[in-house]
Amino acid sequence: MKQNILILGAGKWQCPIIKLAKKLNLYVIAIDNNPNAPGFDYADLSIKEQITDKNKILNLIRNYKINAVVTDQTEVSLKATNEIAAALNLKHLKLSTIEKTNNKFLTRNSLIYSNLNQPSFKLIKSQKQLYSFSSKIGYPLVIKPINKSSSEGVFICRNKFELRKKHFELKKYLYRDNLLIENFIEGKEYSVESFTVNNLTKILAISEKVKSVKNIPVATRLDFNFPINKFLRNKIVFYVKKMIHKLGISNGPTHTEIIVFNGKISLVETTMRGGGFGISSHIIKLTSGFDQNLAIINQSLGNEVKFNKLIRKPTSLCFFYYKEGYIRGIYGLDKIKKIKNLEKIELFYSKGDYYKGLVSDRGRLGYFIVSDVNYQNLKNTIRKIYSSVKFEIN
């Protein structure tokens, strides 16, 4: 008899784990608030419901024997996923730890006595507090919501005028008007992908973020497992593993962002999910040989998860971006189809669409993934693709 797996979220980035569950001969029940969610096309049973409403979902699935509950690449459904699994006495991640990592202030507060570097920070509940603390830490500084992802609502402010302006813009992202203020740290930014099994954490990939647009905290390229200084790599591995332990993360995926300046590592944020834009489902497997989606499913079913020999294959996730305006034309896609180390390419916009510009991680025109054992060849491929694909926007 087939085992039943409940997957919260059937959007674009949930499709890979839904497809994999089907391939594993599991009966897939997918839930999403969007009746046109693409993942519904692959599920055995599709249910339209808010993916955050634990009680409604439990009522809807009461006649099914659920064997596992999962989600991937989204924080929105992370809490409900594990609350439902706990209510059904199934394998789940620690609810108290999810509370901490879903809230940027609680994450930082939990690490105060860990001896891990962090920027100065404060939870702001009033405008008076905002200006008082900004005077204390000085400029530049960063303001952000405590519970958003994809760089939404993250603003760098270099003076009091910018702070007033960005605080007004930030209000639409806020929960109960609370925001986090931090001093801005210069340096190279890295993302770290890891997976933990019974308190044993393996670092699967370290990527350097390339940010091409001034004052916008959005990466335009991520280079995974490119050669980096061995000493620095070991420091990053030690830092992230210690952070995971201090936060009480004992199982599951973790996506962490850090900044390195003068050899000192500081935490940007961390979350108990796989990286978005196909990092969890595609890139980790390409760059490390570890199938993270398979591990998520197996762990939720109570099956053994093994770390076989990991590799380090240079892989890049590259984004298309441009100025704001109407898309008049997209050219050159036919020129790159036969590039052998091009793993995937996808555009989010079509001719005639209005593009708002690179305002957050979601403000990208599209992306492509390339992978090669030789990182110099990979760099040449990236240059070739960027020079071939052109957007006409005005």
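If both residues of a DSSP beta bridge must be in the chain, then about 85% of such bridges are antiparallel.
For a straight C-alpha distance cut-off of 18 angstrom, the aspartates and glutamates reachable from residue 166 (same-chain residues fewer than eight places away being disregarded) are 152, 177, 182, 361.
Taking other residues whose beta carbon is less than 15 angstrom from the beta carbon of residue 331, and scoring Lys, Arg as +1 and Asp, Glu as -1, yields +4. A P(r) calculated from all alpha carbon pairs of region 4-92, with 10 Å bins opening at zero, reads 20, 58, 22, 0 percent. Taking amide H as placed 1.01 Å from N in the peptide plane, the amide H of residue 220 sits under 5 Å from that of 210, 211, 212, each at least 5 places away or on another chain.
With 31 Å as the limit on Cα-Cα distance, the pairs of 2/306; 79/230; 12/390; 171/356; 209/241 that go past it are 79/230. A Cα-only calculation for the chain places Rg and Dmax at 21.1, 64 Å. Placing unit charges on the Cβ atoms only, positive for Lys and Arg and negative for Asp and Glu, gives the chain a dipole magnitude near 780 debye about its Cα centre.
Can you classify region 273-394 as rounded, prolate or oblate using the Cα gyration tensor, where a ≥ b ≥ c are the square roots of its eigenvalues, rounded means a/c under 1.5, and otherwise it's prolate if a/b beats b/c and oblate if not? In terms of gyration-tensor shape, oblate. In region 120-183, a dipole from Cβ-located charges (positive for Lys and Arg, negative for Asp and Glu) runs towards its positive end, and of 155, 132, 121 it is 132 whose Cα lies farthest in that direction. Positive contributions from Lys and Arg (+1) and negative ones from Asp and Glu (-1), summed over other residues with Cβ under 12 Å from the Cβ of residue 305, come out at +1. Considering only 124, 330, 181, the Gaussian network model of the chain with Cα springs below 10 Å gives its largest mean-square fluctuation to 330.
Can you tally the net charge around residue 244? Count Lys and Arg as +1, Asp and Glu as -1, for every other residue whose Cβ sits under 14 Å from the Cβ of residue 244. Summing Lys and Arg as +1 and Asp and Glu as -1 gives +4. Per residue of region 24-29, what does 6.51 cos²θ - 1.76 cosθ + 1.60 with θ = phi - 60° give for ³J(HN,Hα)? Whole Hz please, x for Gly and Pro, Karplus curve as stated. Computed from phi, the couplings for region 24-29 are 7, 6, 9, 7, 9, 10 Hz. Rounded to the nearest Hz, the phi-derived 3J(HN,Hα) couplings of region 183-190 under the Karplus curve 6.51 cos²θ - 1.76 cosθ + 1.60 (θ = phi - 60°) are 6, 7, 10, 6, x, 7, 9, 10, where x marks glycine and proline. Take the alpha carbon gyration tensor of region 69-161, find the square roots of its eigenvalues, order them as a ≥ b ≥ c, and report rounded if a/c is under 1.5; if not, report prolate when a/b exceeds b/c, else oblate. In terms of gyration-tensor shape, prolate.
Calculated [222 nm] ellipticity per residue, helices only, for the chain: -8000 deg cm²/dmol; basis is -39500 (n - 2.57) per DSSP H run with n ≥ 4, divided by all residues, nearest 500. As a quick test, which of the pairs 104/172; 338/379; 188/384; 340/384 have an alpha carbon distance above 22 angstrom in this structure? Correct reply: 188/384.
Projecting the Cα atoms of 21, 293, 253 onto the dipole axis of the chain, where Lys and Arg carry +1 and Asp and Glu carry -1 at the beta carbon, places 253 farthest toward the positive end.
A short reminder: the numbers here are calculations on the coordinates, not readings from a lab. In this text the structure is predicted, and so the values were computed from the model without any measurement. As a convention, Cβ positions derive from the backbone with ideal geometry for all residues, glycine included, and neighbour counts pool all protein chains shown.
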